[in-house]
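The values are calculated or read from the model by the stated rules, or taken from the named source; none is laboratory data. Everything quoted here is computed from the prediction, not taken from an experiment. So basically every Cβ, Gly included, is an ideal-geometry build from the backbone, and we count neighbours across all protein chains shown.
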Amino acid sequence: MIPSQDFPLPTRVVFGPGKIELLGPLASEFTGNRVLLVSDPGVVAAGHTDRGISSLETAGCEVCLFDGVEVNPTTDHVEAGLAVAKDIRPDLIVGIGGGSSMDCAKGINFLVSCGGKMQDYWGIGKATGPMLPMIAVPTTAGTGSEAQSFALISDAKSRAKMACGDKRAAFRLAILDPQLTLTQPPRVAALSGFDAMAHAVETYVTKKRCDISQKYSREAWHCLAPNFLRVLRDPENLDARSNMQWGACCAGVAIEHSMLGAAHALANPLTAKYSIAHGEAVALMLPHVVRLNGKQCDPWYRKLLSEGDDPNLPRGGTEELADFLTETASAAGLAGKLSDCGVERDQLSRLAEDAAQQWTASFNPVAVSTEELLQLYECAY
């Protein structure tokens, strides 16, 4: 098991089983005691939110809960959370949950700290002033939102997924307690875990890759790839859970430095138009993107797969990596073809046009236009 310890990252990470009990004492290190806690009904039902509230209140914090977050948070969810925040005027925002809760917490912070509407912050560096300090307590091993300065919020009307990023929107502190992930339903573990693995693969080869991103991409891959199916087959395996949660966080750090690529650009329209879960949409597209990128990136893929000695990791290059991803997604019960998900073939051109407008497409190492993206959809059909 990865040892319990603090990791010196830009976002301070406190990692280890049972660390949620430190939420209150750690929150007390910030100025003020009024806390807006952002969570979702599933996490509340699992009891994690109450544990967080108890720790905060024991430390003398006044806590107000907003639990109106749903999967793929929209501007409506952010506005609802903002209404609660205006009532209590928080000194600190805490997000307990998956990527949706953490992203919604960031969205609320943009509006409560800087005013306006969520659309004003679509892009990079749009915050107009200082933002409230935030603490993240992820309950899944997936998005790595706890280690990023971006919030992904969908426009409730247009359904466009907006990446709203600003260094001031990063969490000051993330508490990674792998015990919290034990309550993930198998489907959630499969979707979030594959998404995290995709982050490791994509960040490793983007146009913005750098020494820091490569370090964390590799760390993420070697934590995630051998443990993804272990978690699904043995849900009580805390060692596997720990590796998954730490790997997801490392992948989040890599995203912060290198962004993502065409697989995520292709996935977003599938979620927007067909409500295909994000992790499943990524799983459908990533092997085909790896094969496309292999024309240029095969040496990089070979280096990634040459490291480590875990027998569950693939060896080779582009084809071996793509096959591994396909087989792993299938073993996790994720769909293998777009046609299995209700996607109509005559809509692929429109989807490709939408994918070409996604920001992450511009960071793919092999340039992709609407034509190449359409070919990738055809491969996945």
task: Would you be able to say whether some residue in the stretch 71-85 is aliphatic (A, V, I, L, M) and closer than 16 Å to residue 136 by Cα?
output: no
Counted residues in the stretch 64-102 being surrounded by 22 or more Cβ atoms within 10 Å (Cβ to Cβ) and within 25 Å of residue 182 (Cβ to Cβ) come to 12
Please work out if residue 290 is over 27 Å from residue 181 (Cα atoms) and touching a residue at least 24 places away in the same chain (Cβ under 8 Å).
yes
### Task
Might you let me know whether the stretch 313-329 holds any residue that is modelled with pLDDT under 95 and among the aromatic types (Phe, Trp, Tyr)?
no
Sole miss for residue 172 among (1) within 28 Å of residue 26 (Cβ to Cβ); (2) touching a helix residue (DSSP H, G or I) at 6+ places or on another chain (Cβ under 9 Å); (3) of a type outside the set (A, V, I, L, M, F, W, C) is condition (2)
By residue number, the members of the stretch 353-374 that are over 16 Å from residue 202 (Cβ atoms) and either among the β-branched types (Val, Ile, Thr) or free of Cβ contacts under 8 Å to residues at least 40 places away in the same chain (or both) are 353, 357, 369, 370, 371, 374
Looking across the stretch 174-195 at residues that are aliphatic (A, V, I, L, M) and surrounded by fewer than 22 Cβ atoms within 10 Å (Cβ to Cβ), the single one that is nearest to residue 120 (Cα to Cα) is 188
Residue 365 fails exactly one of (1) touching a helix residue (DSSP H, G or I) at 6+ places or on another chain (Cβ under 7 Å); (2) over 30 Å from residue 123 (Cβ atoms); (3) not basic (Lys, Arg), namely (2)
Condition set free of Cβ contacts under 8 Å to residues at least 24 places away in the same chain and surrounded by 24 or more Cβ atoms within 10 Å (Cβ to Cβ), scope the stretch 203-240, selection farthest from residue 311 (Cα to Cα): answer is 240
Of all strands (runs of 3 or more DSSP E) fully inside the stretch 4-66, the set with 3 or more residues that are under 14 Å from residue 92 (Cβ atoms) is 34-38, 62-66
Scanning the stretch 296-333 for residues that are loosely packed, with under 15 Cβ neighbours inside 10 Å and among the polar types (S, T, N, Q) gives 296, 306, 312, 330
